[in-house]
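The values are calculated or read from the model by the stated rules, or taken from the named source; none is laboratory data. Every value quoted in this text rests on a predicted model; they were computed, and no experiment measured them. Positions of Cβ are backbone-derived with ideal geometry, glycine not excepted, and every protein chain shown enters the neighbour counts.
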Amino acid sequence: MTIDKIDHIGIAVKSIEEALPYYRDILGLEYMGSEVVEEQKVRVAFLTIGESRIELLEPTSPDSPIAKFIEKRGGGIHHIAVRTDAIHSDLQKHAENDVRLIDNEPRIGAHNMRIAFIHPKSTSGVLLEICEEPE
């Protein structure tokens, strides 16, 4: 495995506008902007914390995975993302070890990162994202 750090923690929120003041104004995290990831039907706000980020995830559609998460569990931590520089070989190693994958191949996420999710049943209940910066 080539995991070298926590890239970000994804937090599901009903509204970025309502959640952002706490993280930015009370905690003092630097707000880096936001973007919409059409494929995942989510708007993402980025805040830096040390070498990592917090990503506030707001659904843009009632059928988005984040909307379904909020409907079932309410807002809160959705996933933890770890950074790699070899996402394909990391996914292969997971598959070779019978780890349950949500994504067998990387897809494009925010910041054009290559991302893949590992099923919580294989990670003690945590939705884990592996991400790799674009080349």
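Specify which of the listed residues (Ala67, Ala19) is modelled with pLDDT of 95 or more, more than 26 Å from Pro134 (Cβ to Cβ) and touching a Leu at 6+ places or on another chain (Cβ under 9 Å). Can you show your working first?
Numbers: Ala67 fails: touching a Leu at 6+ places or on another chain (Cβ under 9 Å).
Selected residue: Ala19, the only one of Ala67, Ala19 that is modelled with pLDDT of 95 or more, more than 26 Å from Pro134 (Cβ to Cβ) and touching a Leu at 6+ places or on another chain (Cβ under 9 Å).
Go through region 23-36 and report how many residues are of a type in the set (A, V, I, L, M, F, W, C) and either assigned to a helix (DSSP H, G or I) or buried (at least 19 other Cβ atoms within 10 Å of the Cβ) (or both).
Residues that pass the stated criteria total 1.
Out of the residues in region 49-73 meeting the condition of being out of contact with any Lys or Arg (no Cβ under 9 Å at 6 or more places or on another chain) and not in a helix (DSSP H, G or I), tell me which one is surrounded by the most Cβ atoms within 10 Å (Cβ to Cβ). Break it down into steps so the answer makes sense when it comes.
Applying the first criterion (out of contact with any Lys or Arg (no Cβ under 9 Å at 6 or more places or on another chain)) to region 49-73 yields 49-50, 53-55, 68-69, 71-73.
Then keep just the ones that are not in a helix (DSSP H, G or I); that gives 49-50, 53-55.
Details: Ile49: 15, Gly50: 8, Arg53: 22, Ile54: 18, Glu55: 25.
Ranking the qualifying residues of region 49-73, first place goes to Glu55.
Give me the pairs: first residue in region 64-87 and over 21 Å from Ser52 (Cα atoms) and in contact (Cβ under 8 Å) with a residue 24 or more places away in the chain, second residue basic (Lys, Arg) and assigned to a loop (DSSP other than H, G, I, E, B), beta-carbon distance under 7 Å, and six or more apart or on different chains, which are they?
From residues that are over 21 Å from Ser52 (Cα atoms) and in contact (Cβ under 8 Å) with a residue 24 or more places away in the chain, the pairs are Ser64/Lys41; Ile70/Lys14.
With Ser61, Ser89 as the choices, which residue is polar (S, T, N, Q) and in contact with a helix residue (DSSP H, G or I) (Cβ under 8 Å, 6 or more places away or on another chain)?
Going through Ser61, Ser89 in turn, the sole match is Ser61.
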